[in-house]
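Working notes, beginning with the structure itself.
The values are calculated or read from the model by the stated rules, or taken from the named source; none is laboratory data. Keep in mind it's a predicted model, so treat the numbers as computed, not measured. Every residue, glycine as well, gets a Cβ built from its backbone with ideal geometry; the counts of neighbours run over all protein chains shown. SASA here: full protein model, heavy atoms, side chains in, ligands and nucleic acids out. Shrake-Rupley method; radii C 1.70, N 1.55, O 1.52, S 1.80 Å.
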Amino acid sequence: MSMDAGFPLVEVSGSPYERGVQHGRAVPSRVQGSVALYRDQLARRGVSVATTNMLARNVVPKICAFDETYFDEMKGIAHGAGVSIEDVILVNCRTEMMYGHAALGAARAALDDGCTGLIVMPAASETGRLIHAHNWDWRDACVDTGIILKVKKNGGRPDMLMFTEAGTLGRHGFNEAGLSLSGNFLTSDRDYKGDADVPLGLIRRKMLENESMTSAMRMLFETRRFCSNNLMLAHAEGEAVNFECAPDEVFWITPEDNILVHANHWISQPARAKLVDLGLATTPDSIYRQRRVTETLLAANGKIGWEVVKNALADEFGKPEAVLSWPSQAPHNSVSCTVATTLMDPGAKTMWVARKPYESRNFIEYRL
């Protein structure tokens with residue numbers, strides 16, 4: 001597959017370590033690119049390589065306590081791609097390490113992650129099947145580090161198809177049991193103030209390894225986080241919940257008019273009453289992104305098809321700070337954009353992903 005066509009498909013199976021080795025060997029340059037990106041981002045924030053490696057080693061006990069097989073898989077990725085285990089931990093724990101460490105000081109004032117997600121229930125879907133879609137807004141370098149990861153024969157856990165960064169265990173996707181998941185950035189005044197169980201990326205992976213929504217939700221409610229995050233969870237048979245997660249509390253939202261839409265600000269009334277939203281100072285566009293996508297979906301009058309969803313996620317009001325984010329300057333001499341638009345039909349076990357959708361809405365199909 002050419003770079004212009006889309007993201008490479010990486011299929012792995014076997015033991016956790018074997019899966020990791022296969023992952024690393026399939027896309028070593030992309031794994032190395034992920035490492036270089038976050039090493040550079042931390043360096044620009046004044047965090048040395050020695051400090052980064054120390055932080056990575058400190059999180060190993062938490063990874064192993066949460067799921068020791070995840071650490072085995074990371075070791076396999078490191079071996080396969082020819083990087084260090086500290087490198088792989090860094091890319092899997094990048095949110096916590098970039099924004100949470102005390103050495104970063106004022107860097108937390110420059111949070112700029114984006115993302116807009118949506119879910120359409122079967123009753124409002126033109127196909128009669130649940131639709132789950134997402135714009136991932138982050139560093140432009142990730143257009144060359146993203147992959148589609150297919151995990152097969154996962155030790156009795158469901159097979160999965162995920163869009164993620166090379167070197168990581170997962171970002172968003174669906175499993176063979178019909179669960180689908182995506183995540184959006186949130187921040188609050190509770191972030192990085194207490195101990196936690198595990199970094200966010202591993203929580204997303206664990207949720208997709210569940211057979212049922214109940215077990216996935218139970219795991220989320222039982223797990224402490226370092227920082228805030230929004231998670232959109234759905235099941236192909238026609239159920240969906242949005243979770244606005246503070247480090248120590250989860251606020252939930254269910255569909256209205258058969259749709260769910262979330263960007264990067266707190267929506268639930270209890271959350272807005274109890275927390276201070278630290279993200280709106282830097283991403284106030286989240287407010288109109290959430291509203292405009294909602295209005296586009298509602299205007300279809302219960303006949304929401306893939307073209308409606310594509311148009312909603314390609315909205316350019318406020319460009320470059322739009323639902324479809326065009327490349328623009330970000331903190332620490334970085335460039336931010338919509339790296340990928342992902343459309344998921346978990347009932348059909350299919351996703352379509354467009355790389356650099358601001359240049360071309362060329363959606364490539366991937367099947368589980």
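Below is a table of values for the structure above.
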read-out	value
Every pair of residues 6+ apart whose Cβ atoms lie under 7 Å, when the first sits in the range 261-289 and is closer than 15 Å to Val250 by Cα while the second is basic (Lys, Arg)	Trp266/Arg272; Leu275/Arg190
Matching entry among Val353, Val276, Val335 (being closer than 23 Å to Gly173 by Cα and not acidic (Asp, Glu))	Val353
The range 307-339 - residue that is outside any loop (DSSP other than H, G, I, E, B) and open to solvent by 50 Å² or more (accessible area, probe 1.4 Å) and, of those, nearest to Thr116 (Cα to Cα)	Asn311
Which numbered condition Leu111 misses (of (1) in contact with a strand residue (DSSP E or B) (Cβ under 6 Å, 6 or more places away or on another chain); (2) at pLDDT below 95; (3) not β-branched (Val, Ile, Thr))	(1)
Selected residue (criterion: nearest to His235 (Cα to Cα)) from residues of the range 128-146 that are surrounded by fewer than 24 Cβ atoms within 10 Å (Cβ to Cβ) and in contact with a helix residue (DSSP H, G or I) (Cβ under 8 Å, 6 or more places away or on another chain)	Arg129
Strands (runs of 3 or more DSSP E) within the range 204-293 that include 1 or more residues surrounded by fewer than 18 Cβ atoms within 10 Å (Cβ to Cβ)	239-245, 250-253
Single condition Gly302 does not satisfy, out of (1) more than 17 Å from Cys142 (Cβ to Cβ); (2) in a strand (DSSP E or B); (3) at pLDDT below 95	(2)
Wholly within the range 126-177, strands (runs of 3 or more DSSP E) carrying at least 3 residues that are over 20 Å from Val261 (Cα atoms)	146-152, 160-165
Residue list for the range 141-179, filter: among the aromatic types (Phe, Trp, Tyr) and over 20 Å from Gly33 (Cβ atoms)	Phe174
Lys349 surrounded by fewer than 19 Cβ atoms within 10 Å (Cβ to Cβ), farther than 23 Å from Asp140 by Cα, at pLDDT 95 or above and within 20 Å of the chain's Cα centre (by Cα)	yes
